[in-house]
Amino acid sequence: MEYPELTLLIGGRAVAAGQRPGLEVIDPATQAVLGQLPMASAEDVDEALEAAHRSFPSWRDTAPMERAAILRRAATFMRERTPRLAWLITRELGKPLAESEKEVATAAEMFEWGAEEARRTYGRLIPGRTGGIRQMAIPEPIGPVAAFSGWNAPAITPSRKIAGALAAGCSIVIKPSEETPAIALEIGRALSDAGLPAGVLNMVFGDPGEISRQLIESPITRMVTFTGSTAIGRQLATMAAASLKRATLELGGHAPVLVFGDADPLHAADTILAAKLRNSGQICTSPTRMMVHESVYERFVERLAERARGWRVGNGLEAGVQMGPLANPRRLAAMETMVADALDHGARLAAGGQRLDLPGWFWEPTVLSDVTTECLAANTEPFGPMALVQPFTGMDEALEQANRLPFGLASYVFTRDAATARIASERIESGVVCINHCQASLPETPFGGFKDSGLGKEGGVEGLQEFMQVKYVSQV
Ligand code: NAD
């Protein structure tokens, strides 16, 4: 398979590099240059905004059934093209091909869910105070959307944003990550092959700071949606607030895991490790801060470490590989710093902790036990294959630890006791609580963080509502 020529997508046209400066896209497993990504100029971004502005009224007025048919067709194209799409994800991000195939399937489901839900954007009739009055609450698409997605779920994240916007009847300008552009462009291709009118979806790449400012400050944009770090999310939300635009933000997490004494520690360790090492730990819901009851602590740590040592790390294109490289050298540097700092603060290295002697950005699956709250990794999201384990004695202590940080995206609880599960799920401050498993989000479920982990929801009915505003119409 060949890596494609990279372009921008503006007003239905694939815009090639021309005189534009290029950015190298790198394969994290080999450090080979995959291609050159054209950087959008300010004029390109203006054109994309104009295209979204021009195409919005007719897309808004397209019947939801018709919009749904296009989204469903696009999902079918994505499924049919799975081998190519998955290959692109693995080349750009590094994760094993089987994981990339699952990501393509989930991304296609985002469009299917949007297609189904587009037909159910119901309003309400509110009884009048006198006879003969009709009071209606009518949801309408909010308008052109500016979207920004990260590199770590390079098919799912753009698909969530594009599917939500299009299903609601909005046009969109999206800036996917410059590190994973080809997979985003393939999603755009599936939509245009499915009959999406030109200009409804536009894709630009370039300098993230400049593009985000231009898109967010433009009066054409009515809503901002971002997935990425809390620091950048805060900046974008501040800009959106200055021009009174709604912002949906999916930001960083630092997911706590509570393993109670009545849980099976071996089963919990196996389930948690598989979730931890998915996408080399570069997932905002990745289980990271593991608080384990002292009665099962040693068995849990031993099992976690044993499994981590046996995990097969390598190029994601090779059969049997369970974990690929990290996506970029920034993550590798973060792993090095965080492991050294944790050891300085008295943590014990139970598995991994080293860079692998391979040409790409590979890091061993790492388990640190007896971790204290003072170390860097316990406070800053590692976003890598790093599990931090510490013991606890009582439930209050475990919940205090779980809620210690300003983040609140996902959390995990392992227990066989119904009362423990109920109390933990009520008291943990996070947008998602998974009990006895680690599947934090699906297309049909609301996903979003509390506290510094974000604002608003993506996915589910709630996610679609973010792209709509309610008009009250009263008629006598
Ligand atoms: P980063 O903060 O530099 O970038 C995060 C994402 O935001 C990237 O995709 C980047 O292209 C984009 N971005 C950066 N500046 C932007 C701007 N001004 N406007 C719009 N988009 C902008 O961090 P990074 O080194 O790429 O990733 C490291 C950290 O980011 C991780 O520790 C993790 O916390 C977070 N992250 C989270 C998610 C998520 O799914 N919540 C995704 C990617 C990264």
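Only one residue in Glu426, Glu374 is open to solvent by 60 Å² or more (accessible area, probe 1.4 Å) and either over 21 Å from Thr285 (Cβ atoms) or touching a Phe, Trp or Tyr at 6+ places or on another chain (Cβ under 6 Å) (or both). Which one? It would help to see each step written out before you state the result.
Values: Glu426 fails: either over 21 Å from Thr285 (Cβ atoms) or touching a Phe, Trp or Tyr at 6+ places or on another chain (Cβ under 6 Å) (or both).
Only one candidate passes the filter, namely Glu374.
Comparison of Leu326, Leu304, Leu368, Leu388 shows that the only residue that is outside any loop (DSSP other than H, G, I, E, B), surrounded by 14 or more Cβ atoms within 10 Å (Cβ to Cβ) and within 24 Å of the chain's Cα centre (by Cα) is Leu388. So which residues in segment 93-119 are in contact (Cβ under 8 Å) with a residue 40 or more places away in the chain, under 26 Å from Gly195 (Cβ atoms) and open to solvent by 30 Å² or more (accessible area, probe 1.4 Å), if there are any at all? Listed by number, the residues that qualify are Thr106, Glu109, Glu112, Trp113, Glu116, Arg119. Exactly one residue out of Glu397, Glu381 is more than 27 Å from Gly324 (Cα to Cα) and either open to solvent by 30 Å² or more (accessible area, probe 1.4 Å) or assigned to a loop (DSSP other than H, G, I, E, B) (or both), and it is Glu397. Of all residues in segment 191-200, those satisfying the criterion of being open to solvent by less than 10 Å² (accessible area, probe 1.4 Å) and not in a helix (DSSP H, G or I) are Ala194, Gly199, Val200. Here Ile211 clears all of (1) more than 18 Å from the chain's Cα centre (by Cα); (2) crowded, with 21+ Cβ neighbours inside 10 Å; (3) more than 9 Å from the ligand (Cβ to nearest atom) except the condition numbered (3). Taken over segment 431-476, the criterion of being under 15 Å from the mean Cα position of the chain (by Cα), away from the ligand (no atom under 16 Å from the Cβ) and of a type in the set (Val, Ile, Thr) is satisfied by Thr445 alone.
Can Ala342 be described as of a type in the set (Gly, Ala, Ser) and in a helix (DSSP H, G or I)? Answer is yes for this residue.
Suppose the filter is of a type outside the set (Ser, Thr, Tyr) and in contact with a Leu (Cβ under 6 Å, 6 or more places away or on another chain); does Leu34 pass it? Judged against the criteria, Leu34 is not a match. Restricting attention to segment 333-349, the residues being out of contact with any Gly (no Cβ under 6 Å at 6 or more places or on another chain) and closer than 15 Å to Glu381 by Cα number 7. With respect to Ala194, is the statement that it is of a type in the set (A, V, I, L, M, F, W, C), closer than 19 Å to Arg60 by Cβ and out of contact with any strand residue (DSSP E or B) (no Cβ under 9 Å at 6 or more places or on another chain) true? Answer is yes for this residue.
Note on segment 315-349: among residues that are β-branched (Val, Ile, Thr) and under 17 Å from Thr288 (Cβ atoms), the one that is nearest to the ligand (Cβ to nearest atom) is Thr337.
Would you confirm whether any residue within segment 234-251 is within 12 Å of the chain's Cα centre (by Cα), within 11 Å of the ligand (Cβ to nearest atom) and not in a loop (DSSP other than H, G, I, E, B)? Yes; the residues of segment 234-251 include at least one that is within 12 Å of the chain's Cα centre (by Cα), within 11 Å of the ligand (Cβ to nearest atom) and not in a loop (DSSP other than H, G, I, E, B). Taking segment 150-178 only, how many residues are in a loop (DSSP other than H, G, I, E, B), more than 7 Å from the ligand (Cβ to nearest atom) and either open to solvent by 10 Å² or more (accessible area, probe 1.4 Å) or more than 24 Å from Pro64 (Cβ to Cβ) (or both)? Of the residues in segment 150-178, 3 are in a loop (DSSP other than H, G, I, E, B), more than 7 Å from the ligand (Cβ to nearest atom) and either open to solvent by 10 Å² or more (accessible area, probe 1.4 Å) or more than 24 Å from Pro64 (Cβ to Cβ) (or both). Of the residues His267, His293, His254, the single one that is under 21 Å from Leu455 (Cα atoms) and not basic (Lys, Arg) is His254. Only one entry in Ala48, Ala17 is touching a strand residue (DSSP E or B) at 6+ places or on another chain (Cβ under 6 Å), of a type outside the set (D, E, K, R), open to solvent by less than 30 Å² (accessible area, probe 1.4 Å) and closer than 21 Å to Ser212 by Cα, namely Ala48.
May I ask you to list the residues in segment 417-434 that are in a loop (DSSP other than H, G, I, E, B) and either in contact with a helix residue (DSSP H, G or I) (Cβ under 7 Å, 6 or more places away or on another chain) or within 12 Å of Leu258 (Cα to Cα) (or both)? Ile428 - this is the single residue of segment 417-434 that is in a loop (DSSP other than H, G, I, E, B) and either in contact with a helix residue (DSSP H, G or I) (Cβ under 7 Å, 6 or more places away or on another chain) or within 12 Å of Leu258 (Cα to Cα) (or both). Tell me, yes or no, whether segment 214-229 has at least one residue that is at pLDDT below 95, open to solvent by less than 30 Å² (accessible area, probe 1.4 Å), part of a loop (DSSP other than H, G, I, E, B) and near the ligand (Cβ under 9 Å from one of its atoms). No - not one qualifying residue is present in segment 214-229.
Answer yes if at least one residue in segment 119-140 is touching a helix residue (DSSP H, G or I) at 6+ places or on another chain (Cβ under 6 Å), part of a helix (DSSP H, G or I) and not hydroxyl-bearing (Ser, Thr, Tyr), and no otherwise. Taking every residue of segment 119-140 in turn, none turns out to be touching a helix residue (DSSP H, G or I) at 6+ places or on another chain (Cβ under 6 Å), part of a helix (DSSP H, G or I) and not hydroxyl-bearing (Ser, Thr, Tyr). How about segment 397-429: which of its residues are free of Cβ contacts under 8 Å to residues at least 12 places away in the same chain and closer than 19 Å to Pro446 by Cβ? Selection gives Glu426 alone. When segment 262-295 is filtered for residues that are within 16 Å of the ligand (Cβ to nearest atom), open to solvent by less than 40 Å² (accessible area, probe 1.4 Å) and more than 22 Å from Arg404 (Cβ to Cβ), the ones remaining, listed by number, are Asn279, Ser280, Gln282.
Restricting Gly132, Gly150, Gly164 to those that are at positive phi and either out of contact with any strand residue (DSSP E or B) (no Cβ under 7 Å at 6 or more places or on another chain) or not charged (D, E, K, R) (or both) reduces the list to Gly132.
Assess whether Leu409 counts as being within 16 Å of the ligand (Cβ to nearest atom), more than 20 Å from Leu304 (Cβ to Cβ) and open to solvent by less than 10 Å² (accessible area, probe 1.4 Å).
The answer is yes for Leu409.
The values are calculated or read from the model by the stated rules, or taken from the named source; none is laboratory data. Just so we're clear, the structure is a prediction, and the values are computed from it rather than from any experiment. Backbone-built Cβ (ideal geometry, glycine too); neighbour counts: all protein chains shown. Remember, those area values only see protein heavy atoms, side chains included, never the ligands or the DNA or RNA. Shrake-Rupley method; radii C 1.70, N 1.55, O 1.52, S 1.80 Å.
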